[in-house]
Structures are given as C-alpha cells and as structure tokens.
1. Residue pairs, Cβ under 8 Å, 6 or more apart or interchain, first in the range B:330-348 and away from chain A (no Cβ under 14 Å) and closer than 15 Å to B:Asp318 by Cβ, second open to solvent by 50 Å² or more (accessible area, probe 1.4 Å) and in a loop (DSSP other than H, G, I, E, B). List them.
2. Listed residues B:Asp758, B:Asp754, B:Asp796, B:Asp725; which is among the charged types (D, E, K, R), at pLDDT below 80 and open to solvent by 20 Å² or more (accessible area, probe 1.4 Å)?
3. Could you check the range A:1-32 and list, in sequence order, the residues that are within 7 Å of chain B (Cβ to nearest Cβ) and among the charged types (D, E, K, R)?
4. Just the residues that are crowded, with 16+ Cβ neighbours inside 10 Å and among the aromatic types (Phe, Trp, Tyr), please, taken from the range B:218-238.
5. Does B:Val280 satisfy the condition of being over 22 Å from B:Ile231 (Cα atoms) and β-branched (Val, Ile, Thr)?
6. Scan (1) open to solvent by 30 Å² or more (accessible area, probe 1.4 Å); (2) at pLDDT 95 or above for the single condition B:Trp71 breaks and write down its number.
7. Which pairs do you get when a residue that is touching a residue at least 40 places away in the same chain (Cβ under 8 Å), found in the range B:506-527, comes within reach of a residue that is outside any helix (DSSP H, G or I) and among the acidic types (Asp, Glu), reach meaning Cβ atoms under 9 angstrom, with the pair 6+ apart or on two chains?
8. Determine which member of the set B:Ala381, B:Ala404, B:Ala387 is closer than 30 Å to B:Asn348 by Cβ and open to solvent by 40 Å² or more (accessible area, probe 1.4 Å).
Amino acid sequence: MVIFLGFRWWYSEGWLWIFNSAVTARLKKWISYFSMPNLAKTLFAPFKQDVGKRNRSGLDALVQSFVDNSVSRIFGFIARSFLIIAGLICIFFVLISGILMIIIWPLIPAIPIISILLASGAII
Amino acid sequence: MSESLTCNTKSLRAKKAKFASNFENKNVRGFLAIAAVLLIAGWAYLVFLSSVSAAHLLLIPASLIAMILIWYAGELEQLPPSQSLEKVNDISALLSRHLLAKIKPGMSPKQLSKVISKEQGGYFFSSRYGIGQDFLEQLSADDEGSTALVWQNAISLAKTSGYDHIDSGALTGALILSIHGANDYLARISLDNKDIESGVIWFSHIRRMIERAEQKHDFGGIGRDLSFGWIPTLSKIGYNITETIERGGFLRRPVISRQQTIDQTVRFIAQEGRSNAVLVGEHGVGKTTLVYALAQKLITNTNEVPKNIAFQQVITLDAANLIANTKTPGQLEELLIRIFNEAIHAKNVVIFLDEAQLFLRSGTGSVDLSQLLMPVLQGGALKIILALSDQEWLRLSQENSALAGLMNRVIVKPLDQEETMQVVEDETVLMEARNKKVYTYQSLHEAYKLAERFIHEQAAPGKVIKLLESAANFPEQQHFVTAASVKQAIEKSFDVRVQTASSFEERDTLLNLEDKIHQRMINQTRAVKLVSDALRRARSGVRNNNKPIGTFLFLGPTGVGKTELTKSLAAAYFGGEDRMVRIDLNEYSHAEDTNRLLARGSTDPYSLCAQIAKQPFSVVLLDEIEKAHPNVLNLLLQMLDEGILRDSANKPISFKDAIIISTSNAGAEKIRAHIQAGQQLEQFEEQFVDELVDARVFRPEFLNRFDEIILFRPLTKQELLKVVDLLLASVNKTLADRKVTVKLTQRAKELLVDRGYDARLGARPLRRVMQRSVENIVASKLLAGSITPGQSIEIDAPELHTTLEQR
C-alpha cells in the first residue's frame, strides 16, 4: 500500500523536512525580509545619509554639524530598531509555530484513530 | 553500469511516482485543501457549538487529505532520485517523476517514443530540431531488448545536462541516438550526435531558467536601503538596472569568460580611489549585458562581492534624455553635478554610461562631460562604469590622455563559438516571447555561421542575435524560424545568395550557363566553361567559403571577349551588368593609388571597397592588371587569397561572394603569333605564362593566387561573322519599339567584318562600323519615311559600302 510509504516518510525524512520548511527556511526568509543583519550592522548610521555638511569653519559650524549628524543617527537608530523589533516579533511567531508543528507532527497520523475514539466516546 | 539495464516499474519510487501523478494538477490539490479546511471547520462547529460527538469522524478525511498534501509537498513533488547516475542498476531510480509515472513494464523504444511525444522534452526536439513523433515512432525499434541501449544513452546524456536524474529531454535524446543508423537520419536534417547532446543541454538549461524565474530571490529585504541616501533626480533621469533585475528581467546563464570579466570589473569599482571601470570592446560583444550580470551579482551573490559594494544599485544614464531635460549647457552641467552628487552621497549607486562616447564629445544627441568627469574620477568617490568601443577608446586615449589615464580599462573580448551559442540559446527564449516565433536549433547554428561570414561591423554574440531577430521576419510554416529563414534574412540584408540553388529557374540557369553566356559572346569556350563551373560549385554548396567564388586571370589581345565574358556572366547570373564592379587598374599606377581602392563609401562611393561593401554578390573586373603599381597588386593578393580587404577604417570587406576576374593584354602579340603559327591555346599556354613570369610582367606568387589563368585567342573571320549577328540582334532589339527589323545579306556581313576587324584591336572596331553604317541607314530611312512600323528591311553590301565611304 502506497499509504504505508507515506507513513514511512512521515517518521523518517519527514521530520527533517518539516524542521527545514517550518523553521529554518521561514527564519531565513523573515530575517532576510527585514534585512536584519544589514540593519544590525548599520544600527547607528545616519538615516538615508542625511548628514549635515560643514560649509564654514568654526566652533558653531562644528557643533551644528555634530547636532545634525546626531539627529540623523538617532532617527536612523529608531527606524532600524523599529524594523528589527518587527522582525523579531515575526521570528518569535515563526519559532513558536515551528516548534508547535514539530511537536504535533508525529501525532497527525494518529488523528483518524483519535477521532474514532472521540466519536465512540471511548475518550472524552 | 550494467549492460542489461531495466526499469522496475514496481519499485517503491515508481509506486510513489504513480501515486503522485494523481495530485499533479494544481486544481486537484487546491480542491483537496479547501475540502480539508471545510471538514475541519465543520468539525469545529459541530463539536464545539452543537456538541455532536460523531462529528469527530470528520477529522478522519480531513487529516488524511492534509497528510497526503504535506507528503506531496515534502517528497512526492520532487521525488529525488534514489540512485546516482554513476552507479545505477535500476533506471526507475533515476527517471523524473513525470516519466516514471508513465512507464509500463517491458516497453520497447517505439512505445517509449509515444510516451515521450507528450512530454516537454519531446515537444522540444520536435519544434527545435524537427524530430517529431512520427520520426521517432517510425524509426525506433519495436523490441523490448533494445530498450537497455536507450537507458544507457539516457544516463550518458543526463550526465552532460548537469541534472541528477533523467528528464524527458535526456530520454528523447537517448531515443534518437538509439535509432539504428541514427547518423544517416540525422545527417539528412543537417545534424549529428553532438547536436543531440547540445539539445539535451539546452533543454536542461531552459528548465533551469524557468526554475530560477519561479524562485523567490533575496534582494536584501525592506530595510536594505535605509543606510543609503535619497536619489530623487537620479531616479527620474536614470534607468535603474537593479530594479529591472529585481522584477525578474534578467535570465541568463553565466558564461565562464564573462565571469572573469565581471570579477575584474567588480574589483575595480570596489577599490578605494579610482573606483571606475571602462569596458572596452567591439560593438555587439555584450558590454551592456555584462553590466546587467554585474548588477545581478551585486544584489544576489552578496557573499561573492566585497562588502562595500554589496547591494549597490546600477543606474544607467542616457545622453539624449539628459539633453532633453535641460535647455542650456549650463543647466545640463548643473543637472549632472546634482546627479553625481546624489550618487556619491547615496553611497549605494554605481553609474553606468553606456555608449560613453556620447558623454565625451559634443554633438547631436551627445554631450561633452569630460571636464566634469575629470575631478569626479580623480576623487574616486563616484563608482562609475563606462562602455566604449575599441575605436572610441583609442580616440579617447589620443584626444584626452589625462582622462583615459584615470580610467581602469577592462577588455571585453568576443565570445568563442561555444559560449556564443550558450548566450544565443538564452536570448532565443526571450526573442521567442517577443516575436511569437519558435527558433530551431539549426537556425541558431546557421546564424552563427553566416554572421561570422558576413557581419564584420559587430562582434559575437551581438551580431548573431541581430541576425536571428531579422530572421523572425522570414518564418516557415507560420511560426518557425529555420536555417532557411536565417539565410533569407542575410540574403535580404546583404544582397547575397547563400542558399543553394533551389528554384527551377536558377538551377536551369546554372546548368545552361554556358549557353546563356554564348548568347552574348562568341567562342572562348574554355573560358566560359571554367567560369561557369566555378559558379555552379558555389551555388551547389561545393566550394571553399573562405575564398572568393572564383578568381580568374584572362590573358589575351584586346577585343577578343575578355570584358564581354565578364559582362555576360554578370547579366546571365548575377542579375544584370550593374552587378559588375569594374576597376581600370591603369588608373592605379602609383603607390598612393592603393588609398583610392580602399576608400570608405562615405569618402568615395565608387572605390573597390565601397562598391563591394554595398554589393558583395558581384563580378569584380580588374582591367589591365599589368598596368597597376606593384603595391596595388600586393594589396590584391590578400583579396584573392582570403577574400578579405580592409578598408581605410580597417573594417574588413568580404569578397567571398564575388567572382574576381582580372584581365591583361600582356603578351598579346605572342598569343597571336602562336595562333598564326597554327598552334592551339593548350599547346603553348604553360610556356606562355612562364614567359610572362620570366619577363617579370607578373610575379609568380601573384599568378599562383588565381584559380585559373585563361588565355583568349584572337577571333577568326568566321567568328567575327557571328559577332556581326550578335551586334545585329542588338540593333534589332533597339528597334523593337519601332516595330522595324533589319536584315543583312551575307555579303554585307563580310563587308562589315572586313572594315571592322583590326588585328591590334580585335573585334572592338566592329561595333563602331556597325553603328556608322547599319544604324545610320536605318535612321535615315525612318526619318525619310521609307520604312514604316511593321516593315523589315534588308541591307546589302553596296548600300553599306556607300554609307561607309560617305564618312
């Protein structure tokens, strides 16, 4: 019976497949979607390269430029942090759903038997 | 590998394949998924809202459906091979799922060919190679014992395709190669075993292209550009190549030699300081495509490029667009400064200036940016790639060596045949989508061959692709672009004939060429035959394509038919006397006259090179060759030998579709003396040529370049009488509009020969005498009204004599 080949796969290569597709591949996808390594590397970089240019010399100009750059960097930090947090939330849900999937994976083939028992009232 | 390979159709993999085929249809899977969801929803409603415990049974079909769909996605859809191509004892372990599901026990090659005809590989060979189901079914063996050879061939072909299993392309190729006497059958459609192997590789490559297009690529995510600056002006003016790639607009395989060039370019634009690269290569060599491949690498293979240029976007600027967006040169400069500043400031932009010469000198549609580029390149802050042709690069080096010195040159060489074909195969898929035509494999190879032969102003692969684009205008059976389509395209574009003679009229002309030429000229039978033979060889495909169709040296006195034969040939076969390119070499007696022969069409449209560039399928008459300067003759050596001359701009001009006829009067007196002594041409021909060499009239290496040296003998009086007939026919042709016919008595003809023959000038004065006498008599009679339309007049010797004496 072909269905037994299915069961064999379910409890052998199937484990690895569900781990890869439900956890590894999804994690990679969301980490990449939110550009997380890139954002982490440039966490304190100016936002969209909006940095002040010093067109004149002197302490005032230096201070002004420092303030401009700091504002841009703070804004960049906030924008990146927002994206990183959003990414982390997604990753959290991916991990939870992945772990749940791995846990219930071996139980899925048993669902028909459990259903019969439930229907017959053998188990409540 | 076992000699008796079989396919176990009861293997576990075969069972899985058959089971999977039930769920192959997306709609079936979609329906099952919906059914499972509805069952679960029903279960939830009934159990939790209505407390119906029997509803738990709904989970049985729901869970079974879900498990089957998961199993399909996890294993059955791909169904990887269970053995390797290197070590296999059961072919069912290697066949693709689609094929395996359709294989039945004990199938013969003929039965397999029926299976394959409905698979993609079968369609591929049917449309691209013209090897259809009928061909395979008729020729494949019908005994089960022959199938082992098919499996063995399939394994060999699968290895070349780069896949780990046997797909329908490899199996179709294997079936073709397993046909008894396959070589003979393939030869009939201009193919061999190697071509079938190439087909399997091409098919597998198309599969990979589709797979790649269906894959989701990682282009860096939504936060990729947060660290990079705004580029509002650049976005408006430039064309973003990277965005095109992100939308899936570039699907080509990496060609090995181009990978090295891309890597070199990447190194240059990633380096500190002069981060620029100028791609130098012939037009058509693929400089723009190379930049697209580079842009793709920067956003998809970020691990393979230096970190400072990962995720950089390549934006190209168009000179005409820049000019159109500004009103004054000042505004243009301002705009460019803004664009360059944006690019530098953004820190993720590589500017690409295609056809960079348009940005380096002023003119219509071009703008001189050199002054602006100098400080930018010196500073090294802007990453920039320029594309220039070899000639433009040399011009830049000469005219602005300081600017050229700031650039990092990357030479882009033309691809060899194998790599060109790979690029062309990729491009074919895109051309087919554009043109709604199917290109056959033979058309691609014909295009390469003909582009190499005729298109010299562009390099491969560009010229091959251009030719294939043109060939789409000459499809066969509605939508197939074949080798014949490519030949037609080149014939129309270059006004040449590359298809072997096929029409009845053309074959008739070729087979009876001598008769047609003799309608215009008398005798010189040997010369006529040799020239006709050369043309027949060319048009039947039996010739060396790397030389002119034929090269002949005609030696003999004036007025014996040397030029007339050339004209007759041009008229009889090449389509008219205007197909004759005549160069009087007595006008090329100085060393500097070589320049006039090589002048480009733009400076002298009547130079030898200009005329042949315009009309390659011609008869070239080089008259009085002995009077040319030795430098001119040296120049002609290459033309005679290789069929190529380089014009003043060093562009190769092909003479490979021309017949070259040189004439000379050298030694005419000797020929006459030999003939008068009663000798036949064949008796003194060799000695005569030796005498010309001894007398240093011609150098032996020059004479050796000709296919044939043909001696023309003076015409006898009998032959001159026939010339009179030809001239009279010409007069009557002129008078045809007036419906008047002229006849000459025998005595009149003899009188004309007496008066018109000159031992020194041959039959040449005869035409003048004819004009002075016959034509004058007819003209007078027409004016006097003594002859009217529809009449025929006969002129006798006394009347001619009187007219001639009057002068």
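The values are calculated or read from the model by the stated rules, or taken from the named source; none is laboratory data. Note that the coordinates shown come from a computational prediction; the quantities given were computed from them, not determined experimentally. As a convention, Cβ positions derive from the backbone with ideal geometry for all residues, glycine included, and neighbour counts pool all protein chains shown. The accessibility values were calculated without ligands, DNA or RNA, using every heavy atom of the protein model including side chains. Shrake-Rupley method; radii C 1.70, N 1.55, O 1.52, S 1.80 Å.
1. Sorted first by the residue in the range B:330-348, then by its partner, the pairs are B:Leu335/B:Asn325.
2. So the residue among B:Asp758, B:Asp754, B:Asp796, B:Asp725 that is among the charged types (D, E, K, R), at pLDDT below 80 and open to solvent by 20 Å² or more (accessible area, probe 1.4 Å) is B:Asp758.
3. Of everything in the range A:1-32, just one residue is within 7 Å of chain B (Cβ to nearest Cβ) and among the charged types (D, E, K, R), namely A:Glu13.
4. Selection gives B:Phe219, B:Phe228.
5. Judged against the criteria, B:Val280 is a match.
6. Answer for B:Trp71: the failing condition is (1).
7. Short answer, once both residue conditions are applied: B:Ala527/B:Glu708.
8. Every option except B:Ala381 fails the conditions.
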